[in-house]
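As structure tokens, the structure follows; a few thoughts come after it.
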Amino acid sequence: MYSFTVNGQPVTSETDKKLSHFLRDDLHLTGTKDGCDQGACGACTVLINGKAFNSCLFNLSKLEGKEITTIEGITERQKEVFAYAFAKTGAVQCGYCIPGMLVSAIGLLNKKPEANEEEIRKGIRGNICRCTGYVKIVEGIQLAAKMLREDTPIPEEEGHAKLGDDFKRVDAIEKTLGTGEYVDDVVVPGMLHASAIRSAYPRARLLKIDTAEALEHPDCEAVFTAADVPGNNKIGHLEFISDWDVMIPVGEVTRYVGDAVALVVSKSKESLAEIKNLVKVEYEELTPLLSCEAALADDAPKLHPKGNLLSHEHLIRGNADEKLANSKYVVSQHYSVPINEHAFMEPECAIAMPEDDGVFLYTGGQSIYDEQREVARMLGLPKEKVHVQSKLVGGGFGGKEDMSVQHHAALAAYLLQKPVKVLFSREESLLVHPKRHGMEMDFITGCDEEGNLTAMKAVIYADTGAYASLGGPVLQRACTHAAGPYKYQDIDIEGFSVYTNNPPCGAFRGFGVCQTAFAIESNINLLAQKVGISPWEIRYKNAVAPGDSLPNGQIVSKNAALKESLLAVKDIYEKAPVAGIACSFKNSGIGVGLPDVGRCIVSVEGGKVHIRTSAACIGQGLATVTTQIACETLDISPDMVIAEAPDTVRTPNSGTTTASRQSLFTGEATRRAAQKLRVELDMGRSFTDLEGKEFYGEFSAETDGLNSDKKNPVSHAGYGYASEVVVLQEDGKIERIVAAYDVGQVVNPRAAEGQIEGGIVMGMGYALTENFALENGYVKAKYTTLGLIDATKVPPMDIIFVKASGIHEGLAYGIKGVGELATIPTAPALAGAYYALDGDLRPILPMENTPYQKKKKK
């Protein structure tokens, strides 16, 4: 028997288990989050006798007589102050890390009530955030500390939520205090627990599965295999490519170590691992294909029936060979970038249960309608028989677009007619979900004697891993952006997306553009040196302006402000002793001729305006964006607005949260729906008169396919632009980062700043420290060794918003996406800075010979 105190109440346990598990599973104190269960992320931070510790590192046997305080047990005054301060400063995005951050802050302030910024950063260095870049969190802690010291009352705030207002996020308080529900926080009576057995090898023939011993375990409810799938055993994020097995059938070949071969269902979460170990699986190990070169060899075995080439793109405009042959200066360089892990804070989780003659699913992904479609296909059900509802999503960055846990939870629940939860451990999350593509890239770029870009050629090989995921669209985006946001028209860009036996690669913030931007921007630095002009000057000389043509032929819209962004960072770049600069652009919307629709229903219910859209918030604050658009359109206060959670029964399909599209597409759909309500109000009708009425808005963008024969095709609905400068100290450490962004109409300045700061820090990690350890197809990565950047390593950042001098286009009041654009320019700007520091080109990520890389042992 173990006895101690939790939030002032005596508790006991007969079982010695991790404190984090006891708090969540036994006491249902779910404000303490389980992010890694390895003591690496800080999401489970609690106070033990007033000091902050990771609760996953303490077994109950170590806590006899101690006082534990969770987020639920802090004082009401602390709750009020931190809820206000974190909302006010914009410290909250996905929110999963925030309760742990808050508890760490309280632990620090208990010792140092007047802690300065450096001390605060050190105080939360054990708490990882992948969304914010820590800047707003530090500001929130500083504000809270001041209010607590000075006993400041909570200020009354005016309820303004028009476009451009620093309106507090609609979900900030529940996320700060840990009361908002993520899927793993939900408990359903009679809930079973399921987990998949994964392949022992990157490539092997599955010979036999023996479940007899496992089925004898008293907790074992069932063991399912591919033979039990009632519908289609193949799923896939893209409807036209369903190549991912729900489970590998006996006799077939596994494609990576994350492949599921069986699904174990237990009455108890604690006995799952034990039951899984009782399932005997026999394999014939086969030689894996671990590179694009190996997979494309003439004698390579086919990993999929159609072969190992997922997709091939070849974008040609003008005559690049001729232009390069006649160019004064030409540079040719190979670049190599690795597979990269999202490391979102919330591990994947889904709960499914029977509903009528179908299933109901709690999820935390990036599109409830994609999940509905794939689950229905797997179960052989009509889509309407699969009801999906999203809880809060603890980060995604593209990593939660594919099925991970949803289909397995739904399968077990449907077959057993009982509620089932599937929760990934962090280890399983790292193993299973798709990553950022590793790419091998050859870039040739030319210019004339004055530095005017003339032409470019590129050949890109993308390792898409075991399954398609979004490998095809990622390759398209890598190719369409490979020439950069510059005004030259002769391009020859060839790309190959190749199946291998590595983990699948798919969507990740930047969606292929982070890779090719690193290459083209580095080549431009080499050209600037040959011409004898500065990297800033060559970019300004070639930067597109309204009316110019992008390399893909699309006419630059009148709301583009790339040149303005360059002018905004000119002084800091030119005055810095050592600095690097990069430009980038990123599409808003799927584009390239594919269907792309935003939808919203605005309804009047109970005297409130309900915004109903399926668009997932994965941290970017979509509900806040739509609230501000509604307030702008209807001229009402935000307390009149309720932004509903995505639900396939209540909210229309607004597509996946991807391609920086939701603020524009769903934003415009929301504006159109709200405008219809506004017409009724302007005619003198009251909300009481309109009770129960629904107003539907839809926006669809028409774009042209790749290699359109039009002179000026429309590749995407819109683009955002950015210029970023990295200033280095003499020792090579980052002194400051200054970034100027054209994101059109800024909906919420503080929130947009926070997204960009988080994107920059993610780009820093990609460029300097992050490493997804993979050895012969086996995942060796752990959360502790990913190289994620903590609060102490983040330099000062200045975020500048720029706008074109022209009039903004009307779609969604001129709003553009910012989420992906925020990450793209950082790695090439850093590469340029280190090239300026020592003259050594660093064509491989993460970059070597910087103060941020650990010295390799000899």
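Laboratory data are not the source of any read-out in this text; all were calculated from the coordinates shown. Not measured: the values here are computed from a predicted model. Reconstructed Cβ throughout: ideal geometry from the backbone, glycine too, with neighbour counts over all protein chains shown.
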**Report entry** Amide H contacts of residue 452 (H built 1.01 Å from N, under 5 Å, at least 5 apart or other chain)
**Finding:** none
Query raised in the report: Considering only the other residues whose Cβ falls under 13 Å of the Cβ of residue 77, what net charge follows from Lys and Arg at +1 and Asp and Glu at -1?
Result: -2
Query - Shape of the chain, Cα gyration tensor, a/c cut at 1.5 - result: rounded
Query raised in the report: If you rank 721, 182 by fewest surrounding Cβ atoms within 10 Å, what's the result?
Result: 182, 721
Query - Ranked 441, 683, criterion: other C-beta atoms within 10 Å, fewest first - result: 683, 441
**Report entry** For the stretch 444-523 versus the stretch 770-831, the gap between their alpha-carbon centres in whole angstrom
**Finding:** 17 Å
Report task. Please state the charge dipole magnitude for the stretch 597-700, taken about the Cα centre, from unit charges on C-beta atoms (+1 on K and R, -1 on D and E), reported in debye and rounded to the nearest 20. Result -> 280 debye
Report task. Mind sorting 470, 309 by how few other Cβ atoms lie within 10 Å of their own Cβ, fewest first? Result -> 309, 470
Query - For the chain, calculated [θ]222 nm from helices alone, where every DSSP H run of n ≥ 4 adds -39500 (n - 2.57) - result: -8000 deg cm²/dmol
**Report entry** Simple spin-label estimate for residue 118 and residue 166 in nanometres, 7 Å along Cα-Cβ
**Finding:** 2.6 nm
Query - Within-15-Å neighbourhood charge of residue 286 [Cβ basis; K, R +1; D, E -1] - result: -2
Query raised in the report: Can you work out the FRET efficiency for the pair residue 355 and residue 77, with r the C-beta to C-beta distance and R0 = 41 Å, to the nearest 0.05?
Result: 0.45
Query raised in the report: If Lys and Arg each add +1 and Asp and Glu each add -1, what is the summed charge of the other residues whose beta carbon sits under 12 Å from the beta carbon of residue 359?
Result: -2
Requested in this report: Work out the FRET efficiency for residue 1 and residue 157 from their Cβ-Cβ distance, taking R0 = 51 Å, and round it to the nearest 0.05.
Outcome: 0.55
Requested in this report: Normalising by the residue count of the stretch 597-700, find the relative contact order in percent from Cα pairs under 8 Å and 6+ residues apart.
Outcome: 44 percent
Requested in this report: Take every DSSP beta bridge with both residues inside the chain and express the antiparallel ones as a percent of the total, to the nearest 5.
Outcome: 75 percent
Query raised in the report: How large is ³J(HN,Hα), in whole Hz, for each residue of the stretch 46-54 in order, when computed from phi with the Karplus curve 6.51 cos²θ - 1.76 cosθ + 1.60 and θ = phi - 60°, using x for Gly and Pro?
Result: 9, 9, 10, 6, x, 10, 7, 9, 6
